[in-house]
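Here's the structure we're looking at; comments come further down.
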Amino acid sequence: MRDIKVDTLRGLACIFLVAYHVIGNNETNGLKISDGWLRDINDLLECVRMPLFTFLSGMVYALRPVNSNWLTFMKGKVRRLLVPMLVVGTFFALVQSFVPGTNNNIDNWWLIHIYPVQHFWFVEALFFVFVLVVPLELSKLLNKKAHIIAVICVFLLFSAGQPYTKLLAFKGFIYLTPFFLFGLYVVRFKLPSLPQLSSVCLFSVLMLALFLSEGNVYGKGFLGCCIGLLSCYLLLCIKLQVPFLARIGIYSYSIYIFHVFFTAATRLILGKLVSLPLELSLLAGVTAGIVGPIVVHILAQKIPLASFFLLGQRIKRTELNKG
């Protein structure tokens with residue numbers, strides 16, 4: 001049975017992520033916003049977006065952890081993560097190379113996915129998080145609170161040395177691991193929640209303090225990671241249950257994989273047809289980036305090979321026989 005609180009946070013993370021790519025990470029891409037409240041909020045959420053995605057992945061994993069069937073488990077991760085990364089990520093790189101008005105090109109095609117393609121770094125890095133977690137689980141090192149906390153602390157110390165190489169998403173792997181393990185910890189050891197009102201207040205104060213801070217604490221460094229861990233915990237303690245967000249959250253993986261095609265297309269089409277206020281452009285881009293991938297997911301599920309290559313879903317023999 002699905003947990004509406006987890007799906008709600010997944011939906012929220014999806015909106016944060018899609019809005020990020022619509023607005024752009026700086027003034028040279030996306031809506032090309034250099035300052036203002038949209039730019040401020042977009043930058044502020046850097047410590048929340050990917051940490052929240054990864055934290056929730058750790059929570060979901062903790063419900064069905066790997067055991068002696070580790071080889072089957074890893075085959076499933078190859079199918080679920082690496083197959084869509086290779087297929088959809090390569091197609092995305094081709095689109096960016098040949099469609100005018102896109103933001104990036106691939107200079108060395110022979111290094112594609114050796115160095116991750118744009119946002120697909122997350123998928124590749126998450127795969128290597130599982131590569132780490134499997135031996136830790138099999139050796140029972142994640143069965144004690146102190147062990148998990150120790151591993152989290154080690155990776156937080158590693159984060160202080162960022163930036164690392166992007167080769168095989170190593171930089172992302174260092175960044176994501178603490179959040180995944182914290183999500184696992186919360187479920188496995190039933191970490192108590194703070195009261196909802198206190199959580200709302202603390203999260204608001206944290207974001208305000210981050211906004212007012214003079215130093216650059218955003219990003220994948222040590223302080224940014226610590227803020228991300230605390231943000232994930234506080235958001236979970238708020239216990240949001242929003243059916244609309246939860247329905248979006250069900251498709252979070254597909255939204256992550258496909259949203260850029262729809263946000264970029266919306267930006268290019270609207271740019272040629274009409275001049276809209278920034279807020280309406282943002283709304284149009286976010287809507288397209290959410291609805292488009294959901295449609296792709298629903299259609300791909302109807303075709304066994306498409307569900308395998310695009311969504312990383314298992315092909316059942318009965319489905320192949322029907323085809």
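The values are calculated or read from the model by the stated rules, or taken from the named source; none is laboratory data. Small disclaimer: the values here were computed from a predicted structure and weren't measured. Glycine gets a Cβ as well: all are built from the backbone with ideal geometry, and neighbour counts include every protein chain shown. Side chains are part of the model used for accessible areas, which takes the heavy atoms of the whole protein and leaves out ligands, DNA and RNA. Shrake-Rupley method; radii C 1.70, N 1.55, O 1.52, S 1.80 Å.
One table, with the values for the structure above:
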read-out: Sequence ranges 282-292, 267-277, ranked by mean other-Cβ count within 10 angstrom, highest first; value: 282-292, 267-277
read-out: Separation in nanometres of the label points that stand 7 Å from Cα toward Cβ, at residue 67 and residue 201; value: 4.4
read-out: The chain, dipole about Cα centre (Lys/Arg Cβ +1, Asp/Glu Cβ -1), debye to the nearest 20; value: 1400
read-out: In sequence order, calculated HN-Hα J values of the range 8-17 (Karplus, 6.51, -1.76, 1.60; Hz; x Gly/Pro); value: 4, 5, 4, x, 5, 4, 4, 5, 4, 5
read-out: Listed peptides 233-242, 251-260 by packing density, highest first (mean Cβ within 10 Å); value: 251-260, 233-242
read-out: Whole-Hz couplings from phi, Karplus 6.51/-1.76/1.60, listed for the range 179-193; x for Gly and Pro; value: 5, 4, 5, 5, x, 4, 4, 4, 6, 5, 10, 6, 4, x, 8
read-out: Selection from 256, 67, 29, by position along the positive dipole direction of the chain (Cβ); value: 67
read-out: Residues with amide H under 5 Å from that of residue 112, placed H, sequence gap 5 or more; value: none
read-out: Out-of-range pairs (alpha-carbon distance over 30 Å; input 145/171; 145/239; 75/140; 166/302; 32/75; 5/302); value: 166/302; 32/75
read-out: 5 angstrom amide H check on residue 27, placed H, neighbours 5+ away; value: none
read-out: Value at 222 nm in deg cm²/dmol, rounded to 500, when DSSP H runs of n ≥ 4 in the chain each add -39,500 (n - 2.57); value: -22000 deg cm²/dmol
read-out: Spatially proximal aspartates and glutamates relative to residue 77 (Cα-Cα < 16 Å; intrachain offsets below 8 disregarded); value: 124, 137
read-out: Relative contact order [Cα under 8 Å, 6+ residues apart], the range 49-179, whole percent; value: 32
read-out: Percent of Cα pairs exceeding the 20 Å cut-off, where the set is the range 114-179; value: 29
read-out: Global geometry of the range 223-323, whether rounded, prolate or oblate, following the gyration tensor of its Cα atoms and the 1.5 cut on a/c; value: oblate
read-out: Label point at residue 226 placed 7 Å out along Cα→Cβ; residues across the range 171-215 whose backbone nitrogen lies under 16 Å; value: 178-179, 206-207, 209-211, 213-215
read-out: Carbon and sulfur %, accessible surface of the range 236-323 computed with the full protein complex present, 1.4 Å; value: 68
read-out: Inter-probe distance in nm under a simple model that places probes 7 Å from Cα toward Cβ, at residue 29 and residue 303; value: 2.8
read-out: Accessible surface, the range 184-323, averaged per residue in Å² (probe 1.4 Å); value: 56
read-out: Integer Hz, Karplus 6.51/-1.76/1.60 couplings in order for the range 156-161, x for Gly and Pro; value: 5, 5, 4, 4, 5, x
read-out: By average C-beta atoms within 10 angstrom, highest first, the peptides 123-134, 56-67, 88-99; value: 123-134, 56-67, 88-99
